[in-house]
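*Asks:* Handing you this structure, nothing more for now.
The values are calculated or read from the model by the stated rules, or taken from the named source; none is laboratory data. Note that this is a predicted model, so its numbers are computed, not measured. Here Cβ is always computed from backbone atoms with ideal geometry, including for glycine, and neighbour counts include all displayed protein chains.
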Amino acid sequence: MDSLFLTNLTSPPLLFFLLGVAAVLVRSDLDIPDQVAKFLSLYLLFAIGFKGGVAIAESDLNLIVARDLLLATALSALMPLYVFQLLRKHFSVADAAAAAATYGSISAVTFVTATSYLDAVQVSWSGYMVASMALMESPAIIVGLIVYYRTASAGDTGRDTNLREILHESTTNGSVFLIVGSLIIGWLVGPQGYAQVKVFVQELFVGVLCLFLLDMGLVAARRVQDISGGRQMIGRLLLWGLLLPVINAALALALVTALNISVGDGVLLVVLAASASYIAVPAAMRLALPEANPSIYLSMSLGITFPFNLIIGIPLYHQLLAWLA
Amino acid sequence: MDSLFLTNLTSPPLLFFLLGVAAVLVRSDLDIPDQVAKFLSLYLLFAIGFKGGVAIAESDLNLIVARDLLLATALSALMPLYVFQLLRKHFSVADAAAAAATYGSISAVTFVTATSYLDAVQVSWSGYMVASMALMESPAIIVGLIVYYRTASAGDTGRDTNLREILHESTTNGSVFLIVGSLIIGWLVGPQGYAQVKVFVQELFVGVLCLFLLDMGLVAARRVQDISGGRQMIGRLLLWGLLLPVINAALALALVTALNISVGDGVLLVVLAASASYIAVPAAMRLALPEANPSIYLSMSLGITFPFNLIIGIPLYHQLLAWLA
Amino acid sequence: MDSLFLTNLTSPPLLFFLLGVAAVLVRSDLDIPDQVAKFLSLYLLFAIGFKGGVAIAESDLNLIVARDLLLATALSALMPLYVFQLLRKHFSVADAAAAAATYGSISAVTFVTATSYLDAVQVSWSGYMVASMALMESPAIIVGLIVYYRTASAGDTGRDTNLREILHESTTNGSVFLIVGSLIIGWLVGPQGYAQVKVFVQELFVGVLCLFLLDMGLVAARRVQDISGGRQMIGRLLLWGLLLPVINAALALALVTALNISVGDGVLLVVLAASASYIAVPAAMRLALPEANPSIYLSMSLGITFPFNLIIGIPLYHQLLAWLA
Amino acid sequence: MKACKRIEIVIEHPLAPRLAKLLSDLGVPGYTMIDGASGAGDRGTRRADELTGVSANSVFIIACDDESLVKEIIEGIRPMLSTSGGICLVSDAHWVKH
Amino acid sequence: MKACKRIEIVIEHPLAPRLAKLLSDLGVPGYTMIDGASGAGDRGTRRADELTGVSANSVFIIACDDESLVKEIIEGIRPMLSTSGGICLVSDAHWVKH
Amino acid sequence: MKACKRIEIVIEHPLAPRLAKLLSDLGVPGYTMIDGASGAGDRGTRRADELTGVSANSVFIIACDDESLVKEIIEGIRPMLSTSGGICLVSDAHWVKH
Ligand SMILES: Nc1ncnc2c1ncn2[C@@H]1O[C@H](COP(=O)(O)O)[C@@H](O)[C@H]1O
Ligand SMILES: Nc1ncnc2c1ncn2[C@@H]1O[C@H](COP(=O)(O)O)[C@@H](O)[C@H]1O
Ligand SMILES: Nc1ncnc2c1ncn2[C@@H]1O[C@H](COP(=O)(O)O)[C@@H](O)[C@H]1O
Ligand code: NA
Ligand code: NA
Ligand code: NA
């Protein structure tokens, strides 16, 4: 068991994440310019989408694939329901709903890091898992908002709520759009088109991931430092930031085992369930649910759940699935 | 014939251009940070210049080369003359002159996309065509301005016009400078120097082009959406934005056939003639001819002619040249 | 002898540096966006640190290594002492102290360019020289400030000077932190981890260096143009900007020869001694010694010493060491 | 030179397109927007370092010489400010009309 | 604190070097420039998303406590604004002289 | 709307974190910071083109409706300005309180 954790802990991307955290702890002025950080994330979405699409073009799609995609979508719509119930005693209705959407949705970078981990430990995974990821970005946003509107009193929501607008925001978010678009293009051009961009997409991937996770380390650590509200709030965020991924992972693990999904794909599905969004969902929440405090849901997802999944979650889920298989 | 269009339509760079257009149409917030987009374009100029220079170092320059370079320069100086006459009935003198300069000059990205298209369909082309491109950037600016000053009434031009300054602007534009500089450096260092940067310059090229054209799709589509002035103006821009590349391409096609230029080089020369500048010329025009409305010449070149050449023009010119050869 | 200079003068990175200088001279508007330039420098630090760490993991560390690291650190602490004495007759105490820190410290980009030069002329060098570089960044800052406080009259320094804060600034500077961090990570992951990022770190290196030095050419030339203060000041900056690297190089050369250090490592140590900081030190000086005029120490190190080392210094030091060996 | 009001609004980046739309719907003569600002206020620190720009601010500057339009702008943005935070400052200025 | 004028100019990015030169030729005590602004006005929408910056704006801020110089600056930039667009606002401020 | 002071500070980028700390130590209600400005002044040209940002400026905007706090801010930044350069402008504004 230790060996998986050790492999993970000595993978360059994770070490650069920790380096970023360390930089904030020693108050270094190390900084990745924001436009560059955004570009690195666009590259990762482009590359993983493209690779996934090409993989789909090379495989044959069948009922199993359809079942798995459906499963992923259903999970993403289901998770916000119980997350909201769990959180509403400890947070305001708006904050609980926003966090529910956040944890129902996924973190593309956690997924990407998991694929790079699987490649490193030489466990194969299917290209269509990228499609699963794309499908899991948006449903949780819709469910989270529906839950909010059903719970909040009439007075609270007396502003121009527009479900169509929200649906639009949640499905046309830039990162969702790029990953889906790249997936479709990769599918269309297949292995022949892939040959033209292979070095760019494949050989640079881990290097770019290192620099990107360095930035994520900086950003995540700064968010933790910015948490205000005293000890009690910090304790609460810490508790739920660790509990929610474990709960969601447990549910996904049960499903993966029940359905006999392969270890590689299973790890990715569990990682998707356990991960929390810090790109698509916060962007949508600021528009659709501005009364929710981003320093709650962003701190939890980016400052606690993201590092947890990266450092412990990924090898842990792998280990558990390997045992259960 | 269809196969060339199909090849083009299934090339990754073009598909990413279309993805960018689609993102704007569905109002996605997908966005490439502007500093990164600028860098991607610098990379493309650097790479194509360097490659062109190395190719020149490897070939032997002869009279044919000199003739072709002269031809390209002459074309760029000639085209603004009739473009201005064609446009002045429908636009103000300043706008017609600015558009004339725009269409006499070239679009480096259209050229770069054409080279990547030729590589994909395995048609060879000469490195010195990069020099042709560089030579075609500036003359049209000068000719466009001369035409303007000869036509505009004295009152209109009663400001500090300074031909030396204009000449300076048009020849030291950053993109012209980088491409010429990279060409010369590539020439100086030859294949030996090239070996040190080959992966960077060669293997990343198509991938970077994909991301850059994604951005161009976003920018071009936004420009089309920003067009104001009613139906009549839109109709006019659409008409000339499609007509001018065809006219310029026809002229270049005739010359290429008459002079028996090879298919690969011929396609590139036709593409250069048909393409319109949206970097060097607008930048120079804002300084030298501020009364010209950029939303006219930029919308035409960037919003209409650029997509036309990318999607239809390049394979069309290739097809025609293949027939005529 | 000429052949080394020629090899250097025809290396792509140096030619792009000169292209940047030329762009400023002809007043081209060529420009590398600042966030991108910063990212290119982060990439270079990441790559050289990672490579150095992997090289250390592959070698066996012994007493010689310890001696060389100690030597580098000692040099960096020693040089500011005499540089300060040399400069204080010609500049204010604060300016002399800041310049002393600048010249005692090192320029990572000069080092990186030297490694790329050695690779091109196929002279081998040790990975732990990267550690030497990292060790030489900070001591000079501390020594420079100590010298300043011992010399300046009480009245001048009557503000909240805080040695701990200065120590902190000088050791947690972003560029120092990234290079040390990458070195340690490279060391930890070794050749196995390196394989995952090899193309990114190795094959892109010279290409990125070209674009980065293009930017450095622009920045350095602009700084020279910004120098104000009349002929006398320019003469003084020019004199010391050329003299100081030669003096520091001479000292390092003597030590390298006396200790029989290999040619490759020797060249790098001499280059480190001869180079002057324009990242870590100016950033620290603006905080710790704001009364020193950055247009003096930055102009000297960035505008004069940096180009000198790049164009003449590196091959000269190599030539001299080859003779003395 | 013509007397006018200078309105300065700091708002979180995701709301910038909405504010721009509001301004053009109200028929303002023009506006200028500076992106990527950071800041601090009642809702804590906002850093321009995130991938979504969720934490970044945008600064809008509006010159307006029509008093009633100024009022409309202020009333229009008030609800945005109260749900999402940010500030709006109004000051006197002179507009160099060319 | 000394009374002064605060001049704020929004001009298209390609003209920024010219404006900077004009200001230093006029002998202004200093200026600050913020690049990469977007905006809208009589000439339509200007976005900071283009490769040349042709469509981007630059914002200049000038503190000036010399009334006659203020007039010279205003007269100097007027022709720029009328041919190329943009705005210039002048307001009262106090300058913390250190 | 409430009368307030609008304080605008231009300071070199390396000092921005110190200024931010000073402001929060003084208990200002909030501030907005724009990074990457260039400029010119007594100490020559400052360009936002360098790797360290040593030569770049940061612009701070502070709205403050507490007169005594305004004084404290001004006194707090005076020493920074005198050793490191930059400017501080104070003007009258109205704050749209929501
Ligand atoms: N007093 C203030 N002065 C200047 N900017 C402010 C002030 N208060 C708030 N802001 C800006 O408005 C943003 C949101 O403020 P708030 O909603 O109070 O957290 C902050 O991040 C600042 O950029
Ligand atoms: N009323 C205004 N308030 C603020 N900025 C303006 C205003 N009018 C124009 N601008 C700025 O000046 C630029 C050019 O304006 P114009 O020449 O009117 O198109 C616009 O893109 C805006 O950035
Ligand atoms: N009169 C002024 N108006 C606007 N900004 C100024 C002025 N003087 C100085 N600055 C800004 O403050 C920075 C430092 O000024 P200084 O310390 O005078 O060199 C300059 O780079 C400008 O950005
Ligand atoms: Na999840
Ligand atoms: Na053309
Ligand atoms: Na040194």
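*Asks:* Determine whether C:A57 is within 19 Å of C:S107 (Cβ to Cβ) and either at pLDDT 95 or above or assigned to a helix (DSSP H, G or I) (or both).
*Replies:* Judged against the criteria, C:A57 is not a match.
*Asks:* Another question about this same structure. Taking C:S105, is it polar (S, T, N, Q), within 14 Å of ligand 6 (Cβ to nearest atom) and at pLDDT below 95?
*Replies:* no
*Asks:* Now, a different point. Please pick out the residue among B:V123, B:V93, B:V83, B:V112 that is within 14 Å of another protein chain (Cβ to nearest Cβ) and away from ligand 2 (no atom under 16 Å from the Cβ).
*Replies:* The match here is B:V112.
*Asks:* Scan the stretch E:1-18 for residues that are among the aliphatic types (A, V, I, L, M) and either within 12 Å of chain F (Cβ to nearest Cβ) or within 16 Å of ligand 5 (Cβ to nearest atom) (or both) and jot them down.
*Replies:* E:M1, E:A3, E:I7, E:A16
*Asks:* Also, I was wondering about something else. Need the failing condition index for C:L255 against (1) surrounded by fewer than 24 Cβ atoms within 10 Å (Cβ to Cβ); (2) at pLDDT below 95; (3) not acidic (D, E), just the number.
*Replies:* That leaves (2) as the condition not met.
*Asks:* Taking interchain pairs and intrachain pairs at least six residues apart, which have beta carbon atoms under 7 angstrom, with the first residue in the stretch D:33-59 and under 19 Å from A:L302 (Cα atoms) and the second in a strand (DSSP E or B) and more than 9 Å from ligand 1 (Cβ to nearest atom)?
*Replies:* D:A48/D:G36; D:A56/D:G36
*Asks:* I've got another one for you. So how many residues does the stretch A:201-236 have that are buried (at least 24 other Cβ atoms within 10 Å of the Cβ) and either among the basic types (K, R) or over 30 Å from C:L183 (Cα atoms) (or both)?
*Replies:* Summing the residues that are buried (at least 24 other Cβ atoms within 10 Å of the Cβ) and either among the basic types (K, R) or over 30 Å from C:L183 (Cα atoms) (or both) in the stretch A:201-236 gives 1.
*Asks:* Looking at the stretch F:6-27 only, could you name the residues that are more than 16 Å from ligand 3 (Cβ to nearest atom) and surrounded by fewer than 21 Cβ atoms within 10 Å (Cβ to Cβ)?
*Replies:* F:P17, F:A20, F:K21, F:L22, F:S24, F:D25, F:L26, F:G27
*Asks:* Would you confirm whether or not the stretch A:144-167 contains a residue that is in contact with a helix residue (DSSP H, G or I) (Cβ under 7 Å, 6 or more places away or on another chain), closer than 24 Å to B:L18 by Cβ and either away from chain C (no Cβ under 14 Å) or without any contact (Cβ under 8 Å) to a residue 12 or more places away in the chain (or both)?
*Replies:* yes
*Asks:* Need the failing condition index for D:G39 against (1) surrounded by 21 or more Cβ atoms within 10 Å (Cβ to Cβ); (2) over 22 Å from F:A16 (Cα atoms), just the number.
*Replies:* (2)
*Asks:* Got a sec? Which strands (runs of 3 or more DSSP E) wholly within the stretch F:20-83 have at least 3 residues that are under 12 Å from the mean Cα position of the chain (by Cα) and within 29 Å of E:S58 (Cβ to Cβ)?
*Replies:* In the stretch F:20-83, F:31-41, F:57-64 are the strands (runs of 3 or more DSSP E) which contain 3 or more residues that are under 12 Å from the mean Cα position of the chain (by Cα) and within 29 Å of E:S58 (Cβ to Cβ).
Rundown of residues vs (1) surrounded by fewer than 18 Cβ atoms within 10 Å (Cβ to Cβ); (2) under 21 Å from C:T113 (Cα atoms), yes/no style:
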| residue | (1), (2) |
| --- | --- |
| C:L30 | no, no |
| C:S41 | no, yes |
| C:L45 | no, yes |
| C:I48 | no, yes |
| C:A55 | no, yes |
| C:E58 | yes, no |
| C:N62 | yes, no |
| C:A74 | yes, no |
| C:L78 | yes, no |
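*Asks:* Whether any residue in the stretch C:86-93 is under 19 Å from C:S277 (Cα atoms), crowded, with 21+ Cβ neighbours inside 10 Å and within 16 Å of ligand 6 (Cβ to nearest atom) is what I want to check.
*Replies:* yes
*Asks:* Could you grab me the full set of residues in the stretch B:200-235 that are acidic (D, E) and either touching a Pro at 6+ places or on another chain (Cβ under 6 Å) or within 14 Å of chain A (Cβ to nearest Cβ) (or both)?
*Replies:* Of everything in the stretch B:200-235, those that are acidic (D, E) and either touching a Pro at 6+ places or on another chain (Cβ under 6 Å) or within 14 Å of chain A (Cβ to nearest Cβ) (or both) turn out to be B:E203, B:D215.
*Asks:* Next up: From the list A:G193, A:G144, A:G207, which residue is in a helix (DSSP H, G or I), modelled with pLDDT of 95 or more and not aliphatic (A, V, I, L, M)?
*Replies:* Working: A:G193 fails: modelled with pLDDT of 95 or more; A:G144 fails: modelled with pLDDT of 95 or more.
Only one candidate passes the filter, namely A:G207.
*Asks:* Residue by residue through the stretch C:147-181, note down the ones that are of a type in the set (G, A, S) and modelled with pLDDT under 85.
*Replies:* C:A152, C:S153, C:A154, C:G155, C:G158, C:S170
*Asks:* Could you pull out the residue among A:S262, A:S228 that is within 20 Å of A:M129 (Cα to Cα) and over 19 Å from the mean Cα position of the chain (by Cα)?
*Replies:* Step by step, each of A:S262, A:S228 is checked, and only A:S262 is within 20 Å of A:M129 (Cα to Cα) and over 19 Å from the mean Cα position of the chain (by Cα).
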